[in-house]
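Enquirer: Mind looking over this structure? Questions follow.
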Amino acid sequence: MESVRAVLVDIDGVLTVSWRPLPGAVEALREIREAGLAVLLVTNTTSRTRASIAGTLADAGFPVSAEDILTAPAATAGYLAEHGPGARCALLNSGDIAEDLDGVTVVDAADSSTVPDVVLIGGAGPEFGYAELDRAFGHLQRGARLVAMHRNLYWRTAEGLRLDSGAFLAGLEQAARVEAEITGKPARAFFEAALARLGAGAGEALMVGDDIESDVLAAQRAGITGVLVRTGKFQPEDLRAADGTPDHVIDSFAGLPALLRGSAQR
């Protein structure tokens, strides 16, 4: 662990649940910052902008600003600027993320006179009804690309697990016989963008998450040390069924400073 100088941290389920801090998370993040490590919060959250997330976290005591956060929507804007500049995108998402989709041309998905080049899938919510999904299916049949900010099947709230857009994405892929281009976690490009923001190499970084596939194993495939926490969406059966093994498993983010000091058990 002596080589670690940059820490990537998922937010939902790791630092907070329903935006309420998990026990010891604020103190642990402060300790990590005081140790001189570079920190970037990396999240597939698609319901809020970086500025909104930063404000909520700062109000809860976390030492962060908008510049310390990389969201899937922000990564999507960079991806489309490179792989589809000027593309007309029909966005299906729950929440207002226009601020983080800088440069992305979003068209009215219900406007039948405009044929989108891209069907852009964000996070699930009430907007994911039959009419909206069927309209997206029609666009895909007419040749639109399918770009998704993530593949998350569910996330943890104070009321329990909630269904996310990955479940709908799988159906669209099967029905339209297309494969989605993923811009957030677990895409390797997302982790590479995060490392570039911090000016760190993969071998110098550590990723902390509650999703064994999208957070931890995906980071490890990119050469980053992976740390799984037993909070948020973590479920023991997911760990047993995973196609890989996390580098480290700890009870919560509160235990990360001890791991970094080398006093925690693998």
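Enquirer: Quick one: which residue in Ala202, Ala196 is under 18 Å from Ala6 (Cβ atoms), free of Cβ contacts under 8 Å to residues at least 12 places away in the same chain and open to solvent by 20 Å² or more (accessible area, probe 1.4 Å)? Walk me through how you get there before you give the answer.
Expert: Working: Ala202 fails: free of Cβ contacts under 8 Å to residues at least 12 places away in the same chain.
Criteria check complete, one pass: Ala196.
Enquirer: Among what's in segment 32-91 and is loosely packed, with under 15 Cβ neighbours inside 10 Å and touching a residue at least 40 places away in the same chain (Cβ under 8 Å), pick the residue that is nearest to the chain's Cα centre (by Cα).
Expert: If we take residues in segment 32-91 being loosely packed, with under 15 Cβ neighbours inside 10 Å and touching a residue at least 40 places away in the same chain (Cβ under 8 Å), then Ala51 is nearest to the chain's Cα centre (by Cα).
Enquirer: Restricting to segment 245-266, and then to whatever is charged (D, E, K, R) and modelled with pLDDT of 95 or more, can you tell me which residue is nearest to Arg33 (Cα to Cα)?
Expert: Residues of segment 245-266 charged (D, E, K, R): 247, 251, 261, 266.
Then keep just the ones that are modelled with pLDDT of 95 or more; that gives 247, 251.
Values: Asp247: 22, Asp251: 20 Å.
Result: Asp251.
Enquirer: Just checking, does segment 232-249 include any residue being within 30 Å of Gly84 (Cβ to Cβ), open to solvent by 40 Å² or more (accessible area, probe 1.4 Å) and not hydrophobic (A, V, I, L, M, F, W, C)?
Expert: Among the residues of segment 232-249, not one is within 30 Å of Gly84 (Cβ to Cβ), open to solvent by 40 Å² or more (accessible area, probe 1.4 Å) and not hydrophobic (A, V, I, L, M, F, W, C), which makes the answer no.
Enquirer: If Val227 passes every condition in (1) open to solvent by 30 Å² or more (accessible area, probe 1.4 Å); (2) touching a strand residue (DSSP E or B) at 6+ places or on another chain (Cβ under 9 Å) but one, which one does it miss?
Expert: If we test Val227 against (1) open to solvent by 30 Å² or more (accessible area, probe 1.4 Å); (2) touching a strand residue (DSSP E or B) at 6+ places or on another chain (Cβ under 9 Å), just (1) comes out false.
Enquirer: May I ask you to list the residues in segment 112-131 that are within 22 Å of Thr157 (Cβ to Cβ) and either assigned to a loop (DSSP other than H, G, I, E, B) or not β-branched (Val, Ile, Thr) (or both)? Walk me through how you get there before you give the answer.
Expert: Let us first name the residues in segment 112-131 that are within 22 Å of Thr157 (Cβ to Cβ), namely 121-129.
Listed by number, the residues that qualify are Gly122, Gly123, Ala124, Gly125, Pro126, Glu127, Phe128, Gly129.
Enquirer: Quick check on my filter: what residues within segment 144-158 are small (Gly, Ala, Ser) and at pLDDT 95 or above?
Expert: Of the residues in segment 144-158, the ones small (Gly, Ala, Ser) are 144, 148, 158.
Listed by number, the residues that qualify are Ala144, Ala148.
Enquirer: Criterion first (under 17 Å from the mean Cα position of the chain (by Cα), open to solvent by less than 10 Å² (accessible area, probe 1.4 Å) and touching a residue at least 12 places away in the same chain (Cβ under 8 Å)) does Asp215 satisfy it? Write out each step before concluding.
Expert: Working: under 17 Å from the mean Cα position of the chain (by Cα): yes; open to solvent by less than 10 Å² (accessible area, probe 1.4 Å): yes; touching a residue at least 12 places away in the same chain (Cβ under 8 Å): yes.
Yes: the conditions hold for Asp215.
Enquirer: For residues that are at pLDDT 95 or above and part of a loop (DSSP other than H, G, I, E, B), scanning just segment 14-31, find the one that is surrounded by the fewest Cβ atoms within 10 Å (Cβ to Cβ).
Expert: Applying the filter and picking the extreme gives Pro23.
The values are calculated or read from the model by the stated rules, or taken from the named source; none is laboratory data. What you see is a predicted model; the values in this text were computed from it and never measured. Because the Cβ atoms are built from the backbone with ideal geometry, glycine has one as well, and the counts that use them run over all protein chains shown. Keep in mind that these areas ignore ligands, DNA and RNA; they rest on the heavy atoms of the full protein, side chains included. Shrake-Rupley method; radii C 1.70, N 1.55, O 1.52, S 1.80 Å.
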